[in-house]
Structures are given as structure tokens and as C-alpha cells.
Amino acid sequence: MSRQFVIADDHALFRAGLRLLLTDACGPAEVREAGSLPELKSLLEADSAVDLAVVDLAMPGMKGAASIRELRHGYPQLRCVVMSGSEQRQDVLDALAAGAIGYIPKSLDPEAMVAAIQQVLGGGIYAPTLLLTEPVDPDEPSSTVDPNVMAMLTPRQYDVLRLLGKGQANKEIARALDISEGTVKIHLAAIFRVLEVRNRTEAVLKASALDI
């Protein structure tokens, strides 16, 4: 059975190029296109059963990460990846916090784009290397992780972090590990302390630096 993709971007040439990349990298696929947020919503209203939606943050109708959050709320099963010309750290963080499972800069070469798309199709979350290495304000937690710090996690906390990196919610993690949601929250609190992060998104980004 072929995969179903939606490419939402207001540049027809970019959509055509990405269509070729997707079909070459992922095999037989049905690829639909939208040039604006209203067009994307119309496509999803007609058929929301898509494997992946690749969405530009700057196309007509989009209001940044707020529109990603709106899409996730309206279509909870939608797996959404942002592909944007912006490489601003805050744009990346905001998109992932809004529910995107990846943020792919348009400046990436085709091979790297394909690898990023395959990563999210495999259940992972993709964040660009620039986000993990770019200097940040002193008040922000570092995005790099000392492997010795990771050793401070218990095996169960490591399992929770690994599933978190696959985009699973607390309920899904609890089911997979046969523990209660309350226990998952306790593990997450401990993970946040060890990694010195403030939320799930920052924890995933730090862990992705070590390919967890």
C-alpha cells in the first residue's frame, strides 16, 4: 500500500522538488499539494488519512506555531513536519512545542532532507543540528548532553525518555511500559532534573544529540 503525503507550501517549484524527493525516498506514494493553510484544511477535511503533512510556516494563512497547534487540535492523528526557510531557534522550539514531529530547514541538502523525513516516518522526532549547537542565552538550558549525565538516569527513566522521543504521550508510555500515568510523570520530573530542562520538547532535543 502506498503512503499518503501532503505538501503544503506556496511555492509550486519547491512542492514539485519535494514531491520527487518523497517518491524517490519512500517508494510508491500519493502526494497531494496545498498552497495555503485554507487549502490544506480542505484537503484534510476531504481525507485526513495521511501518513505525513509537510507544512511551511510562512505560506498564506499560517500564523506560525499557532497554526500548527490548531492543525494538531483539529486533526489529532495528523503527523506534521515543518519545512521552513527560517532557522531561528525560537521558531524551531515553538513548532515542536506546538506538536510538530520535526523541523526541517529548507537549506538542508536533498540527502539530509530525505534522512530527516525517513526519521520521522520511522517514529522519531527530527530537529536540526544547528538547534543543538547554537549558542543560547545564559538563562536557557544547554542543548548538549554529557554522556556521563545520561548515565545518571535509571533504566526505566531511559525507557521513558526513549518513548518520549518517539512522540508518545504519557498514556501511551504508561501502556507500553505497563506502569501508571502518575509513575510516568514522576519519571519525567526526574528526567527533567537530570537533563536540566524545563519541558518535554527540550528533553527530546537534548536526548536526540545522543541518538536516543
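Here are a few things to note about the model shown:
- Estimated FRET transfer efficiency (Phe192, Phe14; beta-carbon r; R0 41 Å; 0.05): 0.65
- Rounded to 10°, Cα long-axis angle of helix 12-26 versus longest principal axis of the chain: 60
- Looking at the chain, the accessible area is 50 square angstrom per residue; that uses a 1.4 Å probe and ignores ligands, DNA and RNA.
- Student exercise, the chain dipole from Lys, Arg, Asp, Glu Cβ charges, in Debye to nearest 20: 620
- Leu13 accessible area, assembled protein chains, probe 1.4 Å, Å²: 150
- Nitroxide proxy distance, nm - points 7 Å out along Cα→Cβ at Tyr158 and Thr183: 1.8
- Alpha-carbon centroids, the range 147-208 and the range 1-72: separation in whole Å: 30
- Listed by chain and number, the lysines placed with their C-alpha closer than 19 angstrom to that of Lys185 are Lys166, Lys171, Lys206; residues fewer than eight positions away on the same chain are left out.
- Between Ser107 and Thr23, the simple spin-label model (points 7 angstrom out along Cα→Cβ) gives 3.0 nm.
- Ranked by how many other beta carbons lie within 10 Å on average, peptides 98-107, 173-182 from highest: 98-107, 173-182
- Working note: Karplus 6.51/-1.76/1.60 with θ = phi - 60° gives the range 162-174 the couplings 4, 6, 4, x, 8, x, 7, 7, 4, 4, 5, 5, 4 Hz, where Gly and Pro are set to x.
- Annotation: Ser86 carries an accessible surface of approximately 30 Å², with a 1.4 Å probe and no ligand, DNA or RNA atoms counted.
- Modelled spin-label separation between Lys171 and Ala97, with each label point placed 7 Å from Cα along the Cα-to-Cβ direction: 2.4 nm.
- Percent accessible area from carbon and sulfur atoms, the chain, protein chains only, probe 1.4 Å: 52
The values are calculated or read from the model by the stated rules, or taken from the named source; none is laboratory data. Bear in mind that the values here come from a model prediction, so they are computed numbers and not experimental data. Glycine gets a Cβ as well: all are built from the backbone with ideal geometry, and neighbour counts include every protein chain shown. Ligands, DNA and RNA are stripped out before the accessible areas are found, and what is left, the full protein with its side chains, is counted by its heavy atoms. Shrake-Rupley method; radii C 1.70, N 1.55, O 1.52, S 1.80 Å.
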